[in-house]
Structures are given as C-alpha cells and as structure tokens.
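As structure tokens, the structure follows; a few thoughts come after it.
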Amino acid sequence: MHTSILGYVQGGAEGAMTVGSSVHLAREASFRKSLDRRLEEFRYYLHLFRKSPLGLLGLGIVIGFLVIAVIAPLLAPANPVDPYIIPKTFVTDPQPPGGQYVFGTGPFGTDIYYGVVWGTRISLRISITLVGISFILGIVIGGVSGYLGGPVESILMRLTDLFMSLPGLVLAMAVAAVLGRSIENLILALALVWWPSYARIMRGETLRVKNENFVEAARALGVSPRNIVFRHVVPNAIGPLLVVATMDLGTTVLVASALSFIGLGAQPGTAEWGLMISDGRNWILDGRWWTVTFPGLAIFLFVLGWNLLGDSIRDLLDPKLRR
Amino acid sequence: MASLLRYIVHRLVGTIPILFALTVVIFSLTRLIGDPASAYVTPQMGPAEIARIKEIYHFNDPIPVQYYYYLLGLLRGDWGFSRSQGVPVLEAIGAFLPATVELAFTAFVLSLFGGIALGTVSAVKRDRPIDHATRLFALGGYALPSFFLGLLFLYFFYTQLRWVGPGRLSDTVVLSQFPPAGTFRSYTGLLILDSILNWNGTVFLDALSHLILPSITLAAGYMALVARVTRSSMLDSLNREYVRTARAKGLDESSVIRRHARRNALIPVVTVAGVYLGGLIGYAVMVELVFLWPGLGRWGARAALTLDHAAILGFALVVGIVYILSNLIVDVAYAYLDPRIRAGRG
C-alpha cells in the first residue's frame, strides 16, 4: 500500500505536466510493483505459518467445519419439514451410539449426529453475522472518531467506553430475554455489546495510520476525505481487527451457545449445539453421556479452530514475537 | 499518597455517569417489554389494583418523568417483585448474592495462580513441547464451554465416582447442622467463612468439597486467558535488558525468572485480570445452572425463562453494579501498585 501511494504521488506530479495517459501508466506500474511486493510478503507469511503446527491444526479444523456446513445435506439428509429442526423418532429414552444413529439419540429420539452436522450451519450463521455487524460498526465508529477527532471523537468514544464498562453477557441476557426467544434476537442482543471493542481497536489503529507519510501525501494531493479513509486509512488499519475477528468467529459461538443453553436463543428442537446440551443435561446424570458429549465437542472444536488460527496469525504479524 | 487519594476521588466521580448509563439501559429495557407495570403485578391482583399500580409508579407520565421515578424507586429499595421466587427482588438478591460471590471469588483466585504458573512455564520453555502443550491447554481451556465442562465433571465425579453432588451443601449436613436441629449461624452467607466463624468442621469440609468442582469449571476459561497474557508478557520481559543484566551478574536462572522477568511481566496480567474479574459473575450463570448452585445467576436464568421481568432487570442491575465496582477496586489497587498510572491520569 505504502509504495503504491508514493508511486501515485510521483505519477500525479508528472501527469499534471504531460497527458493523462502517463498518469495512468505510472499508476499501473506502481500498482503492479505493490502487488508483487504484497505477493512476496504473503509468501513469506505463508512460509512462517507453515512452521506453526498449532496454526495449521486450527486451519484444518476450520476448513473441516466449512466443508461440513457446505455438504450438510449429503452428510445427513435434510428434514423435509425444516432442515434446521432435528427429526424426532419419538423413542423417548436416549439410545447409545451405534447402528443407525452414529452419535446416539437424545431426548424424544432426536438424532444427535443430525444436530451436530446441521448445527455447523447455524453456528457459522451466528458467528459470521455477529462478527460482521461488530466489524462494520467498529470500522465506521472507530474510523470516523479516530480520523475526525474533536467533539465527534469524544462523544463516540465516551459511548464506546460506557458500553465497555457494562457487563456484556448479562446485558445481552436481559435484552434477549426481553425481546423473546429466537436466534435473530440473540444475535441482536450480542451485537449490542460486541461492537465496542472493535471500535476501540479501530480508533487506535486509525490514529496511528493517519499520521503516516502516505496519508499526508494523499491529503496534500487533495484526495477527498472519504477516499482517504476508505482507500488509505482503513486498509492499513484493519490488520489487528482481522485477528480479533478471526478469534471472535469462534468466541461468538461459545457465548451464543451459552445463552442458548440458558434457554435464550434457538427454539426447542433446533439443531443448535448449546440447546442440544441443555436438552441432554438431565440425562447425563443417568449415565447417558452421549447426549451432551457430541454437541459439546462440536462447540469445543469450532471455538478451538478459529482461536488457534487467529492466535497464529497474530504471532505472525507481531515482529516482537518473531525471532 | 495525596496523588493516590486524588486518583481515587477522580475514579469515583468517573463511576457515577457509568452507573447512570446502566440505569438508562435497564430503564429502556423496562419500556421495551411492553407494559412496565408487569414488573410489579402479582398473580393475585385484579384490574383495579393494576390501575392503582400504574398510578403509584407513574407509568402514565411522560418518559423522562417516569425515569425520574424509576431512579427514585431504585434508591428507596423498591426493585419490584420477583414472581418466579415469590419475594421482592431486593430480598432475592440478598439471599442469592453470597453464593455467587463465594463461587466467583474462589474461581478468580484459582485462575490467577494457575494461569500465571502455566504462562511462566510456557514462556520460559518457548517452542519446546511443553510450550506447545501449555498453549494447547490454554486455548483448549478457553474453547471448552463452561457448561459442557461442568456436565462432564458431574458425570465423572457424581454419577461415576459418587463423590459429591450438586448444590452448596449435602442434605444430611443441612439437616444435622442448621436450625432447627443444629446451631449453625449465618453471618455473611459465605459458607466457608461462616463455617470458620462457627468453628464447624463438618460444614466447612462439606461446603469446600461442593465448591471445588464449580469453581474449577468457572476458572478454566479464565485461567487460559491469564496463561496467554502471562506467556506473551513474559516473552517480552525475557528479552529485556534488565533480564540480560541479571543473567550477566551471574544470578541463577530461577531467580532471574521469578524476581526480575516475572515481576515486571505481571503488570499487564493484573490489568487483564482486573478487566475480566467482573465478567466472572456473569459467566457464573452457566456454572450455577449446571451445578444447581443457589446463586444470582440461576435465579436470573430462571427469571429470563419465566419472563419474570422485575427479576431479570434487578439481576442485570445488580450484576452491573458489582461489575462496575469491581473495576473500580481493581483500578485503585493497580494505581497503588504502579505510580505511573495515577501520575498519568490523575
């Protein structure tokens, strides 16, 4: 990015004297140069990443879940009524794993294997939506307040600090309880308490980036503030936010399944891992361990995968930790 | 010392708007639930009494006036009536808070010591198998849902080993030691502390054995977090010049690590530990549900399911206040330990 902007500055100065096409050429050349450099950088990171066994493990787990989500109908034929509702056999006693039911059955004869497979889609939906909302809100609020400064910054950051000094989980619990039981309301309640940390990180990064030479150069050239923010500041400030987002893709599922376990989230019968554990928990004291073990392992692996991946990416990007 | 005092006053004043914001958020929720009067209505009331409730609580006035009366009610100790529990909200909080505090505090101590030990080992043996194992454990402890871990514990220690059941005390102990049969007196509601004050070994051992599993469950995720922060902070500190100086002086490695590297590495750990201390009370909800722990969280969760609005709001408010106050205490303790903080902000 850095080189491309400097190239752009040179190209711009030449272009003012000659014709527009030379500007275009200079821009294209500098773009190609920056692309080459980026590619080289990427290869270097890839090389470092290959040496991190935990990062590779995380990547493997994440890819595994993505594949399961995509081919869910092949792994477990969809329930004709609603694919996200686990079909019931009405054998009330949970049956142990084996035979027709690989992971056994839960209360009311729900197929635990079906729930684990289709629950992957629900988990990804929750995490991607929730992280997406927080990410966008964080970039806008953090970016605007970091770039503009002044009264806008103090108002937005006071608001962010306020939200961060309130207990997130419990507020989300209260909001979800008041709104009513559904996955959408759960996402909404969690988004309300999730965005502030993104805004805070984004503001810090924006403050760091906005004083760099290439931003100064763009400003001197008269690039519009909107373009400066979106084409120069945001792409350079976004790195740490991406690390947090990667980890949060797992963490959001951990928190959402916890609220679902309490009973604030998916409707009964849904293929949602936290809810399945909640349904199975009365049976585990009877020794029916499979009712909670398989959905529990699914949450564990899902969260672990994203966190291993995010953790290794952060170690890669941090030159202090690289020796 | 004067600067510390000034810092405390500064932070106390700063807490007031946060407490206000909390009440505004909770107040907005009371207006979101539809009829705010539902928080005060008991099943025995008729339409005339409900109309009277609306009159008493000013639900027919403009919103800002309603907020004023809401605040006034909170200050006077009128937090509504918990239908799921059949008692006023404030009374329920008084009954449930000690159990949660006992659980959260034990978990906090466990996770702090465990996490710092793990993080130190991991950093000192960087990139060796033990580092990978510890990092995997740290990430694993974080990724394991507390309610799942708790259920696994219940399965092994209760169903299989028949060691200890859910709850805070065994029924036999309650029947033999507490009134009317026994003489156990409750001073603080914290059973460990009360059993020492009563000099009652039976209750002490029983309460302790019931406390171990839930507090380990609650501590696991938090311990993982502390271990991660300790590891990265220790790695940073081990590369510093004062560590090199200590080594050059010929100090033995263990005192270099403990007295020079770790002491400096602990400052960020204290910060993170402080930030998440208040959160433990929120996360206790799941653990309390699993272990049938008669605390705030279990009451709050039941209230959320039975649409006991007064209880949900009271629960959120009291956890919010505890959260804000614990952040305040941590900040002040931190300023006491590190003079740079109070100079920078005070």
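The values are calculated or read from the model by the stated rules, or taken from the named source; none is laboratory data. Everything quoted here is computed from the prediction, not taken from an experiment. Here the Cβ positions follow ideal geometry from the backbone for every residue, glycine too, while neighbour counts run over all protein chains shown.
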**Fill in**
B:Pro145 passes all but one of the listed conditions (1) away from chain A (no Cβ under 11 Å); (2) under 22 Å from B:Ala301 (Cβ atoms); the exception is number (1)
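Of these, A:Leu35, A:Leu25, A:Leu74, A:Leu48, which one is in a helix (DSSP H, G or I) and under 24 Å from the mean Cα position of the chain (by Cα)?
Numbers: A:Leu35 fails: under 24 Å from the mean Cα position of the chain (by Cα); A:Leu25 fails: under 24 Å from the mean Cα position of the chain (by Cα); A:Leu74 fails: under 24 Å from the mean Cα position of the chain (by Cα).
Among A:Leu35, A:Leu25, A:Leu74, A:Leu48, only A:Leu48 is in a helix (DSSP H, G or I) and under 24 Å from the mean Cα position of the chain (by Cα).
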**Complete:** Note: among B:Thr172, B:Thr120, B:Thr134, just one is away from chain A (no Cβ under 12 Å), part of a helix (DSSP H, G or I) and buried (at least 16 other Cβ atoms within 10 Å of the Cβ), namely B:Thr120
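Can you confirm whether B:Leu152 is among the hydrophobic types (A, V, I, L, M, F, W, C), within 14 Å of another protein chain (Cβ to nearest Cβ) and closer than 30 Å to A:Gly305 by Cα? Quick ask: steps written out before the conclusion?
Numbers: among the hydrophobic types (A, V, I, L, M, F, W, C): yes; within 14 Å of another protein chain (Cβ to nearest Cβ): yes; closer than 30 Å to A:Gly305 by Cα: yes.
In short, yes.
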**Request:** Quick one: count up the residues across region A:169-225 that are more than 14 Å from chain B (Cβ to nearest Cβ), under 17 Å from A:Val253 (Cβ atoms) and aliphatic (A, V, I, L, M).
**Result:** 3
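Based on what the data block shows, is B:Thr100 of a type in the set (Ser, Thr, Tyr), under 19 Å from the mean Cα position of the chain (by Cα) and part of a loop (DSSP other than H, G, I, E, B)? First the steps, then the outcome.
Working: of a type in the set (Ser, Thr, Tyr): yes; under 19 Å from the mean Cα position of the chain (by Cα): yes; part of a loop (DSSP other than H, G, I, E, B): no.
In short, no.
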**Request:** Can you give me the number of residues within region B:224-276 that are within 21 Å of B:Arg135 (Cα to Cα) and not in a helix (DSSP H, G or I)?
**Result:** 1
**Asked** Out of all the residues in region A:132-160, which are buried (at least 24 other Cβ atoms within 10 Å of the Cβ) and over 23 Å from A:Ile228 (Cβ atoms)?
**Response** A:Ser134
**Prompt:** B:Gln177: over 25 Å from the mean Cα position of the chain (by Cα) and closer than 24 Å to A:Trp289 by Cβ, yes or no?
**Reply:** no
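Would you check which residues across region A:240-297 are among the hydroxyl-bearing types (Ser, Thr, Tyr) and within 18 Å of B:Gly221 (Cβ to Cβ) and list them? Working first, answer last.
Keep residues of region A:240-297 that are among the hydroxyl-bearing types (Ser, Thr, Tyr), which gives A:246, A:251-252, A:257, A:260, A:270, A:278, A:291, A:293.
Across region A:240-297, the qualifying residues are A:Thr251, A:Thr252, A:Ser257, A:Ser260.
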**Request:** Within region B:155-166, count every residue that is surrounded by fewer than 17 Cβ atoms within 10 Å (Cβ to Cβ), at pLDDT 85 or above and either touching a helix residue (DSSP H, G or I) at 6+ places or on another chain (Cβ under 7 Å) or within 9 Å of chain A (Cβ to nearest Cβ) (or both).
**Result:** 1
**Message:** Quick check on B:Arg302: is it buried (at least 23 other Cβ atoms within 10 Å of the Cβ), charged (D, E, K, R), modelled with pLDDT of 85 or more and assigned to a helix (DSSP H, G or I)?
**Reply:** no
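Pick from A:Leu166, A:Leu162, A:Leu156, A:Leu137: which is within 14 Å of another protein chain (Cβ to nearest Cβ) and in a helix (DSSP H, G or I)? Let's see the steps before the verdict.
Working: A:Leu166 fails: in a helix (DSSP H, G or I); A:Leu156 fails: within 14 Å of another protein chain (Cβ to nearest Cβ); A:Leu137 fails: within 14 Å of another protein chain (Cβ to nearest Cβ).
That would be A:Leu162, the only listed residue that is within 14 Å of another protein chain (Cβ to nearest Cβ) and in a helix (DSSP H, G or I).
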**Message:** Just to be sure before I move on: is A:Gly280 of a type outside the set (Lys, Arg) and buried (at least 22 other Cβ atoms within 10 Å of the Cβ) in the structure I sent?
**Reply:** yes
**Prompt:** What about B:Tyr283, is it more than 9 Å from chain A (Cβ to nearest Cβ) and of a type in the set (Ser, Thr, Tyr)?
**Reply:** no
**Item:** Selected residue (only one of A:Arg281, A:Arg288, A:Arg314 is facing chain B (nearest Cβ under 8 Å) and either assigned to a helix (DSSP H, G or I) or within 28 Å of B:Phe157 (Cβ to Cβ) (or both))
**Value:** A:Arg281
**Request:** Quickly run through region B:83-117 and pick out the residues that are among the aromatic types (Phe, Trp, Tyr) and surrounded by fewer than 23 Cβ atoms within 10 Å (Cβ to Cβ).
**Result:** B:Phe105, B:Phe108, B:Phe113
**Prompt:** Among the residues of region B:200-219 satisfying the criterion of being more than 20 Å from A:Phe300 (Cα to Cα) and hydrophobic (A, V, I, L, M, F, W, C), which is surrounded by the most Cβ atoms within 10 Å (Cβ to Cβ)?
**Reply:** B:Val203
**Request:** Find the residue count for region B:180-190, including only residues that are within 29 Å of the chain's Cα centre (by Cα) and either exposed (fewer than 15 other Cβ atoms within 10 Å of the Cβ) or among the polar types (S, T, N, Q) (or both).
**Result:** 4
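Step by step: first the residues of region A:96-143, then only those that are free of Cβ contacts under 8 Å to residues at least 40 places away in the same chain and aliphatic (A, V, I, L, M), then the one that is nearest to A:Asp286 (Cα to Cα). Which residue is that? First the steps, then the outcome.
First, pick out the residues of region A:96-143 that are free of Cβ contacts under 8 Å to residues at least 40 places away in the same chain: A:98-102, A:105, A:108-109, A:111, A:132, A:136, A:140.
When the remaining residues are screened for being aliphatic (A, V, I, L, M), the result is A:102, A:136, A:140.
Working: A:Val102: 20, A:Ile136: 46, A:Val140: 51 Å.
In this case the residue turns out to be A:Val102.
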**Message:** Considering only residues that are closer than 24 Å to B:Gly278 by Cα and small (Gly, Ala, Ser), which ones fall in region B:189-239?
**Reply:** B:Gly189, B:Ala207, B:Ser215, B:Ala219, B:Ala220, B:Gly221, B:Ala224, B:Ala227, B:Ser232, B:Ser233
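Here is a yes/no grid of residues against (1) surrounded by fewer than 20 Cβ atoms within 10 Å (Cβ to Cβ); (2) of a type in the set (Val, Ile, Thr); (3) not in a helix (DSSP H, G or I):
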{"position": "A:Ala199", "(1), (2), (3)": "no, no, no"}
{"position": "A:Glu205", "(1), (2), (3)": "no, no, no"}
{"position": "A:Arg208", "(1), (2), (3)": "yes, no, no"}
{"position": "A:Ala218", "(1), (2), (3)": "no, no, no"}
{"position": "A:Gly222", "(1), (2), (3)": "yes, no, yes"}
{"position": "A:Val229", "(1), (2), (3)": "no, yes, no"}
{"position": "A:His232", "(1), (2), (3)": "no, no, no"}
{"position": "A:Val243", "(1), (2), (3)": "no, yes, no"}
**Hey, B:Tyr222 among the aromatic types (Phe, Trp, Tyr), crowded, with 21+ Cβ neighbours inside 10 Å and under 30 Å from B:Lys125 (Cα atoms) or not** = yes
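What tally of residues in region B:235-272 results from selecting those that are among the charged types (D, E, K, R) and touching a Gly at 6+ places or on another chain (Cβ under 8 Å)? Working first, answer last.
From region B:235-272, those among the charged types (D, E, K, R) are B:236, B:240-241, B:244, B:247, B:249, B:252-253, B:258-259, B:262-263; that's our starting set.
Now restrict to residues that are touching a Gly at 6+ places or on another chain (Cβ under 8 Å): none.
Within region B:235-272, residues that are among the charged types (D, E, K, R) and touching a Gly at 6+ places or on another chain (Cβ under 8 Å) number 0.
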**Asked** Within region A:77-110, which residues are within 26 Å of the chain's Cα centre (by Cα) and among the hydrophobic types (A, V, I, L, M, F, W, C)?
**Response** A:Ile85
**Message:** Between a residue in region B:150-179 that is more than 23 Å from B:Ala107 (Cα to Cα) and any residue that is modelled with pLDDT of 80 or more and among the hydroxyl-bearing types (Ser, Thr, Tyr), which pairs come within a Cβ distance under 8 Å, given they are 6 or more apart or on different chains?
**Reply:** B:Val173/B:Thr202; B:Ser176/B:Thr202; B:Gln177/B:Thr202
**Asked** Here is a list of conditions, (1) more than 13 Å from every other protein chain (Cβ to nearest Cβ); (2) among the β-branched types (Val, Ile, Thr); (3) over 23 Å from the mean Cα position of the chain (by Cα), and A:Val244 meets all of them except one; can you say which number that is?
**Response** (3)
